[in-house]
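Undergrad: Just passing along the structure, written as structure tokens.
The values are calculated or read from the model by the stated rules, or taken from the named source; none is laboratory data. In this text, all values refer to a predicted model and were calculated from it rather than measured experimentally. Cβ sites come from the backbone with ideal geometry, for glycine too, and all protein chains shown count toward neighbours. Only protein heavy atoms, including side chains, enter the accessible area calculation; ligands, DNA and RNA are left aside. Shrake-Rupley method; radii C 1.70, N 1.55, O 1.52, S 1.80 Å.
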Amino acid sequence: MSLNDPNWGRGSRGPQGPGGGNQGPPDLDELWRNFNRRLSDLFGRRRRDGGGEEPPPSGPSAAQFGGGAGALLALVFAVWLASGFYIVNEGTRGVVLTFGRFSQETMSGLRWRMPWPIQSHEIVNLAQVRTLEVGYRNNVRTKVLKESLMLTDDENIVDLQFAVQYLVKDAKDFVFNVRRPDDSAMQIAETAMREVIGKNRMDAILYETQVDIANKSRDLMQEIHDRYNTGITVSTVTIQNAQPPEQVQAAFDDAVKAGQDRERQKNEGQAYANDVIPRARGTSSRLKEEAEGYRARVIASAEGDASRFRQVLAEYAKAPAVTRERIYIDTMQQILTSTSKIMMDFRGSGNLLYLPLEKLMQGTATGGAEGAAPPRAAPPEAAPEAGARSRETLRSRERGDR
């Protein structure tokens, strides 16, 4: 059979259809007629007994139209009511809005609200830890200089990258009090960090107080969030990198080396001072103690001499001659003990003396020590007699002078 045959495909009603056996797929015209027939049955069209259709009426009856429209409206209304169901997962909160105004906050579970446009809802995740990257994106090397360059207290510029982690603590404030919460959190973080950096010096930021700076900036961020009621809680602030700008890195390294040299020299000078000053203080203390000892000794000696003089004076008042004689003898004993000269009265003495006598005495002492024969000396009886005569002579002279 040719494809142009008008009866092609009309035998699809069955193997024994009017058009013969099964000759191909069903005819499109027949399918269209079947669709029209079913549509006519739906709207109440009646078929003639002879198989032909009556001419269509002017329109469906009011009862038929009302029944179909009511069913359709009921279906639409049911679907509209069903659109009010929503699910709130664990760790999130649902914020219900009535004509755009806050109505209530719902907990986790299956919830229902009035369908749109009467009510709507937003889901806010309270368990999610959100992260802000200030001064960089995804990697510290990917810097955003507009955010990272900050001015310090000593008028230097530091290149600082840090990250802020925060949670949402109040879903209502997070949705209604701030138009763009993430952008606001970014601006608050940058503002707080710039304020803290502006109150610290460059060296402290780079080498000493990074943890302290992070804690202070976190507290300041939280204070600003509470002031604006953003519903955000700042959990941690982490400084990722802090360094001078790349354009002045070499000059900054030179300045750091000069500062290190200055500190080294200061430490050396302090070590020298720690060595010299204690010794000088020790010497000064020793000299003071020696001076105090000398002073005490001189005072004690003077006081002893004065006491002895008073005692001698008291004895002199009792027996002047005896006391004068004893003083004279003691004085001469002290004088003659410390000298090498020998004084003796040789007048009226027939003894033979060897002169110089002090040389002979030194030679005698030296010879005796070496085991040599001692030189000849005066008889032993002469010395006591000479000493006795000299004392008598001196006494007689003293009495004569008086």
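Undergrad: What percent does the relative contact order of segment 201-313 come to when contacts are Cα pairs within less than 8 Å and at least six residues apart? Display every interim value, and only then the final one.
TA: Working: 25 pairs, mean separation 17.8, N = 113.
Relative contact order comes out at 16 percent.
Undergrad: What's the center-to-center distance, using Cα atoms, between segment 255-327 and segment 118-180 in Å?
TA: 74
Undergrad: What is the packing order of peptides 146-156, 69-79, taking the mean over residues of other C-beta atoms within 10 Å and listing the highest first? Each step should come with its number before you reach the end.
TA: Numbers: 146-156: 15.2, 69-79: 10.1.
With the highest mean Cβ count within 10 Å placed first, the list reads 146-156, 69-79.
Undergrad: Using a 10 Å cut-off on Cβ atoms, rank the peptides 184-192, 88-96, 274-282 from the highest mean neighbour count down.
TA: Numbers: 184-192: 19.6, 88-96: 16.4, 274-282: 9.8.
Output ranking for 184-192, 88-96, 274-282: 184-192, 88-96, 274-282.
Undergrad: I would also like to ask the following. Give the carbon-plus-sulfur fraction of the accessible surface of segment 222-309 in %, rounded to a whole number; probe 1.4 Å, heavy atoms of protein chains only. Kindly include the intermediate steps, with their values, before the conclusion.
TA: On the way: 3420 of 6550 Å².
Summing carbon and sulfur atoms, their accessible area is 52 percent of the total for segment 222-309.
Undergrad: Given the Cα-Cα distance of GLN247 and MET186 and 0.36 nm per residue of separation, how much length would full extension add, in nm?
TA: On the way: separation 61, 0.36 × 61 = 21.96 nm, distance 2.67 nm.
Value of the extension gain: 19.3 nm.
Undergrad: Moving to a separate point now. Check the straight Cα-Cα distances from LYS216 and name the lysines below 25 Å, setting aside those fewer than 8 residues away within the same chain.
TA: Straight-distance partners of LYS216: LYS143, LYS146, LYS169, LYS199.
Undergrad: Near MET221, within a Cβ-to-Cβ distance under 12 Å, what is the net charge of the other residues, with Lys and Arg +1 and Asp and Glu -1? Numbers along the way, then the final one.
TA: Working: positive: ARG194, LYS216, ARG218, ARG227; negative: GLU190, GLU195, ASP219, GLU223, ASP226.
Value of the local net charge: -1.
Undergrad: List the relative contact order of segment 151-238 as a percent without decimals, with contacts defined as Cα pairs under 8 Å and 6+ residues apart. Can you show the working numbers first?
TA: Numbers: 105 pairs, mean separation 42.3, N = 88.
Here the relative contact order equals 48 percent.
Undergrad: Here's another thing I want to ask about it. Determine the relative contact order of segment 83-174: mean sequence separation of Cα pairs under 8 Å and six or more apart, normalised by residue count, in whole percent.
TA: 26
Undergrad: Would you mind working out the magnitude of the charge dipole of segment 178-288 relative to its Cα centre, with +1 at each Lys and Arg C-beta and -1 at each Asp and Glu C-beta, to the nearest 20 Debye? Don't skip to the end; give the middle numbers.
TA: On the way: 16 positive and 17 negative charges, 163 e Å.
Using Cβ point charges on Lys, Arg, Asp and Glu, segment 178-288 gives about 780 debye.
Undergrad: I want the local charge near GLY282. Using Cβ-Cβ distances under 15 Å, sum +1 for each Lys or Arg and -1 for each Asp or Glu among the other residues. The partial results should precede the final answer.
TA: Details: positive: ARG279, ARG281, ARG286, LYS288; negative: ASP275, GLU289, GLU290.
It works out to a net charge of +1.
Undergrad: Okay, next question. How much net charge surrounds GLY109 when only other residues with a Cβ under 14 Å from its Cβ are counted (Lys, Arg +1; Asp, Glu -1)? Please list the in-between numbers first.
TA: Values: positive: ARG93, ARG111, ARG113; negative: GLU90, GLU105.
Taking every Cβ under 14 Å from that of GLY109, the sum is +1.
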